[in-house]
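Student: Below is one structure. I have some questions about it.
The values are calculated or read from the model by the stated rules, or taken from the named source; none is laboratory data. Treat the numbers as computed from the prediction; the structure is a model and nothing was measured. All Cβ positions, even for glycine, are placed from backbone atoms using ideal geometry, and neighbour counts span all protein chains on display.
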Amino acid sequence: MNAADRYQEEAKKQIRAKAEELENTRKAGLMLMNTADTYQEAAMKQIKEKAGELEDARKAVLALMKAADAYQEEAKKKIKDKVQELKVMGAQKAELDARVESLESRLKAALAKNLELEDDYGKVQAANDNLRLEVEKDASAKAFDAEKEEILTELEDLKMKVEVTQANKDLMEGENDKLQLDAFTGI
């Protein structure tokens, strides 16, 4: 074998080695491309799943925001209704306060009138006592009887007035108590 044959033989071996190396590189490249395709498919599947989850989350957030808006509107309406109710109750309270004040002033006037009538009754009784003394001193029985009858009638009238005044006083106190009770109970 001569040098040219050996060189040729050596060159063929190197070519075969390079061809084998090239084939192995090509196979490795194909494997790498298959792996990349598989990875890409898995990644695309995950992206689609995440996109679906994201869409579901977006829909849930929109539904939550819609519910929050509805709740806020309902709360605003309830607050507005309560404010209106408080205004009405304030007006009713002012009206009741004015009515109580009016009844209290009427009661004071009735009590003052009652005191005046009681004073008049005391004066009439004193006058009656004086008249009795005068009648006892007076010799005329007819005059005594007539005056006595007149005084008793007047006394009965005054007693009736006192009783009416007392009844009015009791009635006014009852109304005042009822109004105060109504005002305190919020009716």
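Student: Do any residues in segment 160-187 that are in contact (Cβ under 8 Å) with a residue 40 or more places away in the chain and on the phi < 0 side of the Ramachandran plot have Cβ atoms under 7 Å from those of residues that are hydroxyl-bearing (Ser, Thr, Tyr) and assigned to a helix (DSSP H, G or I), where the two are at least six apart or on different chains, and which pairs are they?
Tutor: Note: pairs meeting the criteria are Val162/Tyr121.
Student: Step by step: first the residues of segment 75-107, then only those that are touching a residue at least 12 places away in the same chain (Cβ under 8 Å) and among the basic types (Lys, Arg), then the one that is surrounded by the fewest Cβ atoms within 10 Å (Cβ to Cβ). Which residue is that?
Tutor: It comes out as Lys93.
Student: Any residue in segment 1-22 that is part of a helix (DSSP H, G or I) sitting within a Cβ distance under 9 Å of a residue that is modelled with pLDDT of 90 or more and surrounded by 10 or more Cβ atoms within 10 Å (Cβ to Cβ)? List the pairs, counting only those 6 or more apart or interchain.
Tutor: Between residues of segment 1-22 that are part of a helix (DSSP H, G or I) and residues that are modelled with pLDDT of 90 or more and surrounded by 10 or more Cβ atoms within 10 Å (Cβ to Cβ), there is no close pair.
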